[in-house]
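What follows is calculated from the coordinates using simple rules that are stated; it is not laboratory data. Because the structure is predicted, anything quoted here is derived from the model rather than measured. Reconstructed Cβ throughout: ideal geometry from the backbone, glycine too, with neighbour counts over all protein chains shown.
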């Protein structure tokens, strides 16, 4: 038996090898793009912490290690959360310099800076404020369903999952809905800029979109300065945030809020419609939807990874990691950790019916997603009304489902449903 055979996974037929794990990790292409979980199963068992040549950083796969990192914001900083996969070209950097100064956002700030940025938004995302939005969100959901319910077939992402969170955010901001197509395009390009492996030409295109979304948000801020209303932008204008602060926070909420909710809707629909009887179960008993969505978040997280940087040399799972290294916290792997969840690889519609969820899909602690309550409310209302109005919904057979090749978000390019 050769060395390769000795280090092969204990999992029968597994194609991965412990001594080559850093090279074999290829998250941007199939088969791992479609199914990262088989690789993570192997990694948690054989090499839970390893250096990835693709990401130029250390990949952390176990729940216990990741939660320990998230609980220690002093030793582990969020400063590199918005860094490229690879290096930007000089031309890309020149384009980025035409935008606003790159100040830290909610996701890549620590300590007092993070509190400073988060404070003006707390009121907008408070439970009472969210409760007051239920009626308007339900109206948006019903209107979107009205647009396709008589067709018998729909790309549910294009006609429902994508526009819903954008309309909700734009309503929260007090911004005309006519601007949604531009922001949708710029948002996707911005996500690729920070979490995909791109060619020089793709970098340039995405950088131009990043600058465009910055100036578009800045224009909205200036409009609200002259004509403030009862909306989120008008509220934070009165805070101590500078214009670059407001630009990066507001565009960040658009991009992150839109992606999280739209991918949650798409990923949850896929798994629920694939399991016999699950869609019928929520149609007949919508009270179970909140717990079902928590399990969907655990099972196929729309935000499957986040980055931390260690401020000192550390040792994790026996691996010494030099100071100032990038640590890729794989939430998607942690949420499938068999040492933390029973039958972790199975979707269990009853898993969180009688217990509080502790998945990492929205992060943890001080960096838990500020918009998680809004995302869950939007998705709950979406599933309540979809299951009520189209109880015989099903996935169109024989379609090819393609995942978007990014590390920090997980979702499909399209999902065709029929009834």
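Quick notes on this one:
- Fully extending the segment from residue 287 to residue 354, taken as 0.36 nm per residue of separation minus the present Cα-Cα distance, adds 22.9 nm.
- Contour minus Cα-Cα distance for residue 56 and residue 230 (0.36 nm per residue): 58.1 nm
- Note on the chain: Cα-Cα pairs beyond 32 Å make up 37% of the total pair count.
- GNM flexibility winner over the chain from 55, 204, 241 (Cα, springs under 10 Å): 241
- With the highest mean first, a sort of the peptides 211-223, 117-129 on other beta-carbon atoms found within 10 angstrom per residue produces 211-223, 117-129.
- Full extension of the chain segment joining residue 278 with residue 312 gains 7.5 nm, where the gain is 0.36 nm per residue of separation less the Cα-Cα distance.
- DSSP-defined antiparallel bridges as percent of all bridges, region 30-418, nearest 5: 85
- Spin-label model distance (nm) - residue 416 vs residue 340, 7 Å beyond Cα toward Cβ: 3.7
- Summarised in one figure, the compactness ratio Rg/Rh of region 246-316, Cα atoms and Kirkwood Rh, is 1.16.
- Summarising the overall dimensions of region 269-419 from its C-alpha atoms, the Rg and Dmax are 17.7, 56 angstrom.
- Both radii are taken from the alpha-carbon atoms of region 31-92; with Rh as the Kirkwood radius, Rg/Rh is 1.03.
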